[in-house]
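The values are calculated or read from the model by the stated rules, or taken from the named source; none is laboratory data. Remember, predicted model here, so these are calculated numbers, not experimental data. Heads up, the Cβs are rebuilt from the backbone with ideal geometry, glycines too, and the neighbour counts pull from every protein chain shown. The area values use the complete protein model at the heavy-atom level, side chains included, leaving out ligands, DNA and RNA. Shrake-Rupley method; radii C 1.70, N 1.55, O 1.52, S 1.80 Å.
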Amino acid sequence: MPIDAPATRRVGMRDVAAIRTAAGFFMQLDFQFGGGHAHKAFRHYFREEVLPLLGAGYSAKVGEALFAAASEMSQLLAWSAYDSGIHALADRYLMSTLRLTQVSGDRMMGARILTNMSHQANYLGRAPRAVTLARASVEGGKGSSTPRAMALFSAHEARALSTAQDHKGAARAMNDAERYFERADSGGDPEWLAYMDEAELIGEFCHCFRDLGQGAEAVRFAERAVALTDPKYARTLGFCRMVLAQSHLLNGDLDAAVTTAGLAVEAGDALQSARFQRYVGDFQREVSVHGTLPMVQQFNGQVREAMERLDDGE
């Protein structure tokens, strides 16, 4: 734990409050416009405004709060790198953030970082590693995390198990997440967990059912996720719409699939997310067997135009 240390500058709780305010601002930018929108600004702020404070002087109380706030900002930086497709940099920031949580003794944030690492491993097709990290997150979070946080950790365990095609394990993890979420309002959650609402939980589940090949359930949960997601979480809404489109394909409903995917691309706000772009690319490959149909050709044209607008900075 940080202790009193001599330095030319003395850090106070006002400095900590500034970091937390900035973290909230950057988080909203990330949710609404994707990691690519402000990653460079994240890095500049973290290097110029946050890191110097860690080597300054502070009391034990301020030091604990400072390292917790720095962890929050660092994990946002890692997440924006991941969302931008800069995976090696994301790895470095995730490991650095994990060390910060160890210094501050923040086990709940530490468990969240393990969840983020599982999320990235899952995205990169490393299902066994994703499962191991997710289980470490759940076990590490027990006894030190709020029910809402445990719901998040369990939901991501379900995501990893679904990718690994462990139907029984995924069902158990989803049930665990539901049970934790039923008690979500009983604990004092940190601000960084505010996004973990019912829509987020349902959104995680629709991914699970899609990956497990359960088309009917995937459509049902994806439709709920789209209906419940606050538009300020534009990237999340884009993901859920693309999962809904893929779920319609699982059910053999090509018209609904292409229409839904078109709505996701039309919204456009999530396009600076490399992850969202991959969702779109994956869908294009899945419908390529119908590439001669006018509706599919029109969708592919819509994607090209959207990406050109992005490249032009519109």
Problem - Added length on full extension, which subtracts the Cα-Cα distance from 0.36 nm per residue, SER144 to ASN251 - result: 34.4 nm
Handout entry: the range 116-217, relative contact order [Cα under 8 Å, separation at least 6], %
Key = 28 percent
Fill in the blank from the handout: Computed over the range 169-305, protein heavy atoms only, probe 1.4 angstrom, the accessible area per residue in square angstrom equals 44 Å²
Fill in the blank from the handout: Measuring from its Cα centre, the range 150-266 shows a charge dipole (+1 at each Lys and Arg Cβ, -1 at each Asp and Glu Cβ) which, in debye to the nearest 20, is 260 debye
Problem - Value at 222 nm in deg cm²/dmol, rounded to 500, when DSSP H runs of n ≥ 4 in the chain each add -39,500 (n - 2.57) - result: -24500 deg cm²/dmol
Completion exercise
Here the relative contact order (percent) of the range 169-314, from C-alpha pairs under 8 Å and at least 6 apart, is 16 percent
Completion exercise
Taking a ≥ b ≥ c as the square roots of the Cα gyration tensor eigenvalues, with a/c under 1.5 meaning rounded and otherwise prolate when a/b beats b/c or oblate if not, the range 223-314 comes out oblate
Exercise for the section: Per residue, how big is the convex hull around the C-alpha atoms of the range 40-137? Give it to me in cubic angstrom, could you? Expected result: 77 Å³
Fill in the blank from the handout: By the Kirkwood definition, with r running over pairs of different Cα atoms, the range 217-268 has a hydrodynamic radius in Å of 10.6 Å
Problem - Square roots of five times the Cα gyration tensor eigenvalues for the chain, Å - result: 36, 23, 15
Problem - Vicinal HN-Hα couplings computed from phi for the range 187-203 (Karplus, 6.51 cos²θ - 1.76 cosθ + 1.60; Hz; Gly/Pro x) - result: x, x, 8, x, 4, 5, 9, 4, 6, 7, 10, 4, 4, 5, 4, 4, x
Practice task
Compute the signed sum of charges (Lys and Arg +1, Asp and Glu -1) over the other residues within less than 12 Å, Cβ to Cβ, of ALA256.
Solution key: -2
Exercise for the section: Decide, for the range 170-232, between rounded, prolate and oblate: order the square roots of the alpha carbon gyration tensor eigenvalues as a ≥ b ≥ c, take rounded if a/c falls under 1.5, and otherwise choose prolate if a/b is larger than b/c, else oblate. Expected result: oblate
Problem - Between the range 214-270 and the range 28-92, the alpha-carbon center distance in angstrom - result: 30 Å
Fill in the blank from the handout: The relative contact order of the chain, taking Cα pairs under 8 Å that sit 6 or more residues apart, comes to a percentage of 15 percent
